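Encoded as structure tokens, the structure appears first; notes follow it.
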Amino acid sequence: MTVKRSELKRQLLEQARKRPTPRATNPATPAINGVDATRTVPERFTRFDAHPGYQQLAMMRQGAEQLGLVDPFFKVHEGLAGATSIIQGNTCINFASYNYLGYSGDPRVVQAACDAAAHYGTSVSASRVVSGERPIHGELEQAIANAYGVEDAVAFVSGHATNVSTLGYLLGPKDLVLHDEYIHNSSLVGAQLSGAKRMSFSHNDPDALDALLSRHRHQFERVLIVIEGLYSMDGDIPDLPRFIELKQRHQAWLMVDEAHSFGVMGATGLGLREHFAINPTDVDIWMGTMSKTLSGCGGYIAGNKALVETLRYFAPGFLYSVGMPAQVAAPSLKVLELMQQEPERVTQLQTISHYFLQQAQARGLDTGHSIGSAVVPVIVGSSPLAAHLSHALFEQHINVQPILYPAVPEKSARLRFFLSCEHTQAHIDKTLDVLVTLLANAQR
Ligand SMILES: Cc1ncc(COP(=O)(O)O)c(C=O)c1O
């Protein structure tokens, strides 16, 4: 039976109406993988100012403006940042630098950087695996391994990338990462990258870790416990011997991030293993950064040969990234040498840090769990108050960063003081006196 032309036209129109309406298309552009490449996309997916991160920033700025607060971030230090620093043309007492032993800026360390740049040039231009290897890399790694009393060490160009690459490479989906709830972002990102299951335990709580290990260890192949040597938000340390006992009993690996404890803890600054007088091979993975005590930039992993060789050949942040420039490696190498000759700097740092803690507590300030080793928070309990105090101190030429929600829970918003061996009692007395007056005025 033939369908009449008019009926056919009606049926075709009906079908066309039922199909999804084609959006503005460019007939010259074919569909890619069945998707029309020119289909209109909501504007929010094409604009950076519609990105959730930017929107959050805009909200934070608006909130700060309404409260009359000044943005405390990205302050420019115009010269060497140590116990004092020039900011906006004023010399400030500075509590916002990790130059713990005062070696960044030391003429001997600066000279080492200059000599290395003059000898090797300013870039090694390539991954060390291909043509970026220089003698100074091996010298630095040997010095780090010696400082830890372990077989070998490998240096990465960034501390953050060290954790991302190490965790990301060593672990996989059948493994488990157990970490302190306050662990640094770099370890979290590494754990995420690895695809391993990740669980956190309460801060500095080996019993909580023990419970997790008892419940979950058998479900996984490799298990890595990650803790820090000195927690930079709170200034407290883990009970390392307890963590070692747990890792041995549950057949797990233990990694200690010594970003803030190397140079600070132990009689000669050799970190937590010196502080607790443990056997260095009882920790499987020692991690640290060159950017703090070691006055350079980059990170390291120290441990046994098999671990270090594996990372040297396969950790993506090492294999596919440029080698450390010589003028960045040289200062850290020099500092490791000077630390052996000048243990009095470590003693001085420990003495002045204890002085700060004791004086702050004597004035009734809340220093949380800080043990008084280079990092002392003063908890003020609200982000606007912490931001206000930071700014008010800055107006009196005292520089200290506020730590605000969401970096810490709102009720533990704080000012965070980093000490250096070059701070004096006069710096501390003046700072705490001003702070106490400002707090009293703010609470009135
Ligand atoms: C505990 C910890 N690990 C790793 C890093 C990353 O080190 P870097 O800043 O040298 O990249 C930091 C940085 O502050 C840190 O505090």
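Here, each number is a calculation from the coordinates, and none is a lab measurement. In this text the structure is predicted, and so the values were computed from the model without any measurement. Here Cβ is always computed from backbone atoms with ideal geometry, including for glycine, and neighbour counts include all displayed protein chains.
Before moving on, here are some points about what is shown:
- Computed about its Cα centre, the charge dipole of the range 379-431 is approximately 140 debye, with only Lys, Arg, Asp and Glu carrying charge at their Cβ.
- Note on the chain: helix-only mean residue ellipticity at 222 nm, from DSSP H runs of 4+ residues weighted -39500 (n - 2.57) and normalised by residue number, equals -13000 deg cm²/dmol.
- Pairs with C-alpha atoms separated by more than 30 Å, drawn from the list Lys75/Lys247; Lys174/Lys305; Lys334/Lys430; Lys75/Lys292, are Lys75/Lys247; Lys334/Lys430.
- Looking at the range 159-230, the GluC sites (Glu not before Pro) that sit in a DSSP loop and have at most 14 other Cβ atoms within 10 Å of their own Cβ are Glu181, Glu221.
- Highest-first arrangement of 376-388, 395-407, where packing means the average Cβ count within 10 Å: 376-388, 395-407
- With the simple model of a label 7 Å out from the Cα in the direction of the Cβ, Ala306 to Lys174 spans 1.6 nm.
- Amide hydrogen neighbours beyond the local backbone of His179, cut-off 5 Å, H modeled: Met199, Ser200, Phe201, Val226
- Mean Cα-pair separation over length for the chain, i.e. relative contact order, pairs under 8 Å, 6 or more apart, %: 19
- Spatial offset of the range 270-308 relative to the range 116-164 amounts to 14 Å, using the alpha carbon center of each.
- When you count the other C-beta atoms within 10 angstrom of each residue and take the mean per peptide, 420-430, 262-272 line up highest first as 262-272, 420-430.
- Each part gets one Cα centre, and for the range 80-108 versus the range 358-428 those centres are 17 Å apart.
- Helical segments meeting 24 Å axial Cα length and Kyte-Doolittle -0.5 threshold in the chain (DSSP H): 425-443
- Summed residue charge, Cβ within 14 Å of Val308's Cβ, Lys/Arg positive, Asp/Glu negative: -2
- In this calculation the C-beta distance from Thr351 to His119 is compared with R0 = 41 Å, giving a FRET efficiency of 0.60.
- For the range 107-341, convex hull volume per residue from C-alpha positions, Å³: 107
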